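The values are calculated or read from the model by the stated rules, or taken from the named source; none is laboratory data. This is a predicted model, so every value here is computed, not measured. Cβ placement follows ideal geometry from the backbone for every residue including glycine, while neighbour counts extend to all protein chains displayed.
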Amino acid sequence: MTVTISRLFNSYADAEVAVKNLEAAGVRHGDISILASNADEWYREDGTRAKPSTFPDRDLDRKDDRAEAAGAGAGMGAIAGGTVGALTGLGIMAIPGVGPIVAAGWLTATLAGAAAGGATGGILGALSQAGVSKEEADVYAESLRRGGAVVSARVKDADAARLQALMDSSAIRVSDRAAKYREGGWQNFDPGAAPYTADQVRKERSLYR
């Protein structure tokens with residue numbers, strides 16, 4: 001039996017750690033998906049990055065046809081880069097209430113609906129597909145809006161507890177983050193809210209260093 005596990009991270013760099021740990025633990029590349037804010041344009045349209053990244057393009061294996069189809073169907077830009085032409089997994093899309101994100105993996109098909117304006121329930125529906133509980137989905141979505149990242153993996157039920165513990169080593173404690181947001185007056189994710197700017201994202205991340 002397969003289950004989906006997801007964790008929330010402060011940034012793409014932190015999410016990379018989780019991805020590499022999952023791969024080292026034997027999770028197939030095609031079973032890993034990542035969503036990350038691109039508000040500060042760390043990932044550029046020409047495929048370059050603002051700072052070095054070790055995230056493996058192979059996590060989508062270039063064989064995940066669902067990712068390719070979602071990219072084409074949603075107008076999601078396949079990013080040119082690397083040494084072998086266009087990447088089929090990484091692409092930039094704009095999500096209502098979140099802003100620009102970089103998405104890769106099996107979850108991109110669901111994100112295509114969110115980018116199109118809610119065909120699958122928007123970002124909250126996509127997070128539900130990623131195994132995020134209804135109670136936590138608002139916090140995940142708000143964190144993406146504020147510069148965060150999400151890693152999701154489809155794993156065997158027998159391996160779930162071990163792999164969740166592995167992801168927790170670099171993940172955010174969601175209840176703590178929700179409390180911090182609410183201290184500032186936040187209540188729930190608002191898909192009509194203005195996305196964070198690059199300066200706002202940098203300021204937000206500095207709170208959690």
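Considering only residues that are charged (D, E, K, R) and touching a helix residue (DSSP H, G or I) at 6+ places or on another chain (Cβ under 7 Å), which ones fall in region 162-201?
Residue satisfying the conditions is Arg177 alone.
Taking the residues in region 27-41 that are at pLDDT 90 or above and in contact with a Leu (Cβ under 9 Å, 6 or more places away or on another chain) as candidates, determine which candidate is nearest to Arg202 (Cα to Cα).
Ser37
Of the residues that sit in region 183-209 and are loosely packed, with under 10 Cβ neighbours inside 10 Å and charged (D, E, K, R), which one is modelled with the highest pLDDT?
The extreme case among them is Glu183.
Does Ala137 satisfy being touching a Leu at 6+ places or on another chain (Cβ under 7 Å) and at pLDDT 90 or above?
Criteria met by Ala137.
Can you tell me which residues in region 154-199 are over 30 Å from Val27 (Cβ atoms), assigned to a helix (DSSP H, G or I) and among the acidic types (Asp, Glu)?
Glu183, Asp199
Just checking, how many residues over region 1-24 are buried (at least 16 other Cβ atoms within 10 Å of the Cβ) and part of a loop (DSSP other than H, G, I, E, B)?
2
In region 6-26, what residues are closer than 18 Å to Ala103 by Cβ and of a type in the set (Val, Ile, Thr)?
Of everything in region 6-26, just one residue is closer than 18 Å to Ala103 by Cβ and of a type in the set (Val, Ile, Thr), namely Val19.
Do you know which residues across region 34-44 are in contact with a helix residue (DSSP H, G or I) (Cβ under 7 Å, 6 or more places away or on another chain) and either crowded, with 20+ Cβ neighbours inside 10 Å or of a type in the set (A, V, I, L, M, F, W, C) (or both)?
Hits for region 34-44 are Ile34, Leu35, Ala36, Ser37, Ala39, Trp42.
In this structure, does Leu124 turn out to be more than 26 Å from Glu23 (Cβ to Cβ), under 14 Å from the mean Cα position of the chain (by Cα) and in contact (Cβ under 8 Å) with a residue 60 or more places away in the chain?
Yes; evaluated as a whole, the condition is true for this residue.
Got at least one residue in region 27-38 being in contact (Cβ under 8 Å) with a residue 24 or more places away in the chain, over 17 Å from Leu107 (Cβ atoms) and among the hydrophobic types (A, V, I, L, M, F, W, C)?
no
Here is a list of conditions, (1) modelled with pLDDT of 50 or more; (2) part of a helix (DSSP H, G or I); (3) in contact with a helix residue (DSSP H, G or I) (Cβ under 8 Å, 6 or more places away or on another chain), and Arg66 meets all of them except one; can you say which number that is?
Every listed condition holds for Arg66 apart from (1).
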